[in-house]
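The values are calculated or read from the model by the stated rules, or taken from the named source; none is laboratory data. Model, not experiment: these values are computed from the prediction. Positions of Cβ are backbone-derived with ideal geometry, glycine not excepted, and every protein chain shown enters the neighbour counts. We work out accessible area using only protein heavy atoms, side chains counted, and drop any ligands, DNA or RNA first. Shrake-Rupley method; radii C 1.70, N 1.55, O 1.52, S 1.80 Å.
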Amino acid sequence: MTPVDVTGSGSPLVLIHGLATTRSIWRHAAPLLAATRQVVTLDVPGFGAARPVGRGFDLEVVAARVAEDLRAGGVPEPFDLVGHSMGAAVALMLAAREPDAVRSLVLVSPAGLRPIPFVAAAALGLAAELYIPVRRRAAPLAGWSWGRRLLMAGGVGDGAALEPAVVRQLVGASVGARRIGPALSAVASADLRELLAGLPMPVGAVWGRDDRVIPPGGAQTVRRLRPGAACEVVDGAGHISMVEQPDAFVEALERVLVAIV
């Protein structure tokens, strides 16, 4: 069973992390959310402490395992579900498979709504498999502002604005990742728009205004598919707004949850 971390008390809120990281990505936001909620975090299969499930990264199989781990961890249902990037695709699939377990769904800079051809996605996954270990070995560069910008290029609004320890943690979180390539290939080529449109629970979205990985224009797709969706944008943040601007991210997420629940 994958470890499930639970903090706080109140209505359960499950947070699912993105690619090449672990549940630790929520460590800045989770304590703030736990002031009023029971916050649940866990590692996605193939990342961190969670063993892979299957040979690749099948979204349905991964979502089913996450649901099993949450139940094994005693997480009350229904819960509010938040997924970031790759984790948003997993969360969306989980919500589609287990609609009675999910009270609401919030997508944070979500993958799965702008698919690219599988061949291109496979090439992207292979490149990530090669690049991410190299970046991890370069973690000592986090001691310099230019090094932080280099290490976090494309992923955040301004890498130099992050503390060196935060950058080292972000870069080092990929050490347990065993499904980087297959996961990136799967979510980059996945088309989850029809699933999103058909979900029975309320949906919201949060984006970083300076997100260059999955640009905030994607909120238009969410609104088109879900006219009642509440969408928020976090200023001063790129793809990992929960790390770059944790206070503003939590405020945005809380506004979305209040609007849709």
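Legend: residues D247, D69, D5, sorted from most to least accessible area (1.4 Å probe; ligands, DNA and RNA excluded), read D247, D5, D69. Once all protein chains are placed together, E129 keeps about 80 Å² accessible to a 1.4 angstrom probe. Near A35, once Lys and Arg are set to +1 and Asp and Glu to -1 for all other residues with Cβ below 13 Å from its Cβ, the sum equals -2.
Using the Karplus relation 6.51 cos²θ - 1.76 cosθ + 1.60 with θ = phi - 60°, the per-residue 3J(HN,Hα) values for the range 165-172 come to 5, 5, 5, 4, 5, 4, 5, x Hz, with x marking Gly and Pro. In plain terms, the C-alpha convex hull of the range 10-95 casts an average shadow of 5.1 nm² when viewed from every direction.
Put simply, the convex hull of the Cα atoms in the range 134-232 casts, on average, a shadow of 7.7 nm².
Per residue, the Cα convex hull of the range 5-52 amounts to 56 Å³.
Net length available on complete extension from E163 to A259 is 31.3 nm, with 0.36 nm assigned per residue and the Cα-Cα distance removed.
Over the range 56-112, the Kirkwood radius and the radius of gyration, each from Cα atoms, give a ratio Rg/Rh of 0.94. Calculated mean residue ellipticity at 222 nm for the chain: -12000 deg cm²/dmol, from DSSP H runs with n ≥ 4 weighted as -39500 (n - 2.57), summed, divided by the residue count and rounded to 500.
In order along the range 61-77, phi translates into HN-Hα couplings of 5, 5, 4, 5, 5, 4, 4, 4, 5, 5, 5, 5, x, x, 6, x, 10 Hz, rounded to whole numbers, per the Karplus curve 6.51 cos²θ - 1.76 cosθ + 1.60 with θ = phi - 60° and x for Gly and Pro. Kindly provide log₁₀ I(q)/I(0) values, in the same order as q = 0.15, 0.22, 0.23 Å⁻¹, from the Debye equation applied to equal alpha-carbon scatterers of the range 47-178. Log-scaled intensity ratios, in q order: -0.90, -1.30, -1.33. With θ taken as phi - 60° and the Karplus curve 6.51 cos²θ - 1.76 cosθ + 1.60 applied, the whole-hertz 3J(HN,Hα) list for the range 132-137 is 5, x, 5, 4, 5, 5 Hz, x standing for glycine and proline.
The calculated pair-distance distribution of the range 141-193 uses every alpha carbon pair, bins of 10 angstrom beginning at 0, and gives 24, 36, 30, 10, 0 percent.
With each label modelled as a point 7 angstrom along the Cα→C-beta vector, the V119-E60 pair spans 2.6 nm.
Within the shell defined by Cβ-Cβ distances under 10 Å, the residues around P115 carry a net charge of +1, with Lys and Arg each +1 and Asp and Glu each -1. Temperature 4 °C, viscosity 1.567 mPa s: under these conditions the Stokes-Einstein estimate for the chain, based on its Kirkwood radius over C-alpha pairs, is 72 µm² per second.
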